[in-house]
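These notes concern the structure reproduced below.
The values are calculated or read from the model by the stated rules, or taken from the named source; none is laboratory data. Remember, predicted model here, so these are calculated numbers, not experimental data. Don't worry about glycine lacking a Cβ; one is built from the backbone with ideal geometry, like all the others, and counts go over all protein chains shown. Note: accessible area is taken over every heavy atom of the protein model, side chains too, but ligands, DNA and RNA are not part of it. Shrake-Rupley method; radii C 1.70, N 1.55, O 1.52, S 1.80 Å.
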Amino acid sequence: MAIANWAEKNQPWLRPRLFKYSVLFSYIQVKAGLKEIDIWADRTMRKVLDLIQSPDEELVKSIMSYVVESELWPKRRERPVSLLKEFHNRGAEIILVSAAYEPAVLEFAKKIGNERITALGTKIFFTEKGVSLDETLTTREKKLEKVKNIIGSNTIEIALGDTFADIPLLEQARRPIAVFPDRRLRKTAEIKNWQILE
């Protein structure tokens, strides 16, 4: 929604407010179980990119910085972020992996540290028509796959996750931590006796 908010301020002729209402309505359908969240998220993330007119790398970077500063960072959960910073200060290699647009994940990662931190998200690319989303969202098994591509056969020492989409990654960690988990992740964490951080 932060990109739609940016468009509302900078490109109001596109009527992003109507887009925001349609997203809200469709999200209500997701919460009611009428739509699959993965399909909804994929479609929504693709459509919102259409609000960016005449995009180039500099503009997209500026928008993603706005997304982090106006939405992602202010809405962060302080305890898990503090825990990540603590691990980082102890010398740990941190990998942030998210379904969010990768440029936004990169900007978020800078808030935690500038060294020994890798940011992975859903890649975007430029086309003749504008900016587009990579083939699939970085979620579920895709998250684990991307992390494994970096660490190889090494063990994931600690993994933090907040939704059911993080379960495959958490299952591979020596110390899985569910942070402010959604209903499905909480149920799994309780069954598997994972740490729950709230």
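If you go through region 107-116 and keep only what is of a type in the set (K, R) and either open to solvent by less than 50 Å² (accessible area, probe 1.4 Å) or within 26 Å of T155 (Cβ to Cβ) (or both), you end up with just R116. For region 106-116, filtering for residues that are of a type in the set (G, A, S) and at pLDDT 90 or above leaves 1. Looking only at region 117-139, decide whether some residue is over 30 Å from K47 (Cα atoms), modelled with pLDDT of 90 or more, open to solvent by 50 Å² or more (accessible area, probe 1.4 Å) and not hydrophobic (A, V, I, L, M, F, W, C). No, region 117-139 contains no residue that is over 30 Å from K47 (Cα atoms), modelled with pLDDT of 90 or more, open to solvent by 50 Å² or more (accessible area, probe 1.4 Å) and not hydrophobic (A, V, I, L, M, F, W, C). Residue pairs whose Cβ atoms lie under 8 Å apart, sitting 6 or more positions apart in sequence or on different chains, and linking a residue in region 1-26 that is basic (K, R) to a partner that is open to solvent by 90 Å² or more (accessible area, probe 1.4 Å), are K20/M1.
Of all residues in region 145-168, which are of a type in the set (A, V, I, L, M) and either surrounded by fewer than 14 Cβ atoms within 10 Å (Cβ to Cβ) or over 16 Å from L83 (Cβ atoms) (or both)? Listed by number, the residues that qualify are V147, I150, I151, A165, I167.
Against the condition β-branched (V, I, T) and more than 29 Å from T155 (Cβ to Cβ), how does I95 come out, does it pass? It is false that I95 is β-branched (V, I, T) and more than 29 Å from T155 (Cβ to Cβ).
If you filter region 110-127 down to residues that are polar (S, T, N, Q) and part of a loop (DSSP other than H, G, I, E, B), you find that the one that is farthest from I150 (Cα to Cα) is T127. Is at least one residue of region 21-44 at pLDDT 80 or above, within 15 Å of G130 (Cα to Cα) and under 19 Å from the mean Cα position of the chain (by Cα)? Within region 21-44, none of the residues are at pLDDT 80 or above, within 15 Å of G130 (Cα to Cα) and under 19 Å from the mean Cα position of the chain (by Cα).
Taken over region 146-193, the criterion of being of a type in the set (G, A, S) and in contact with a strand residue (DSSP E or B) (Cβ under 9 Å, 6 or more places away or on another chain) is satisfied by A159, G161, A165, A173, A178, A189.
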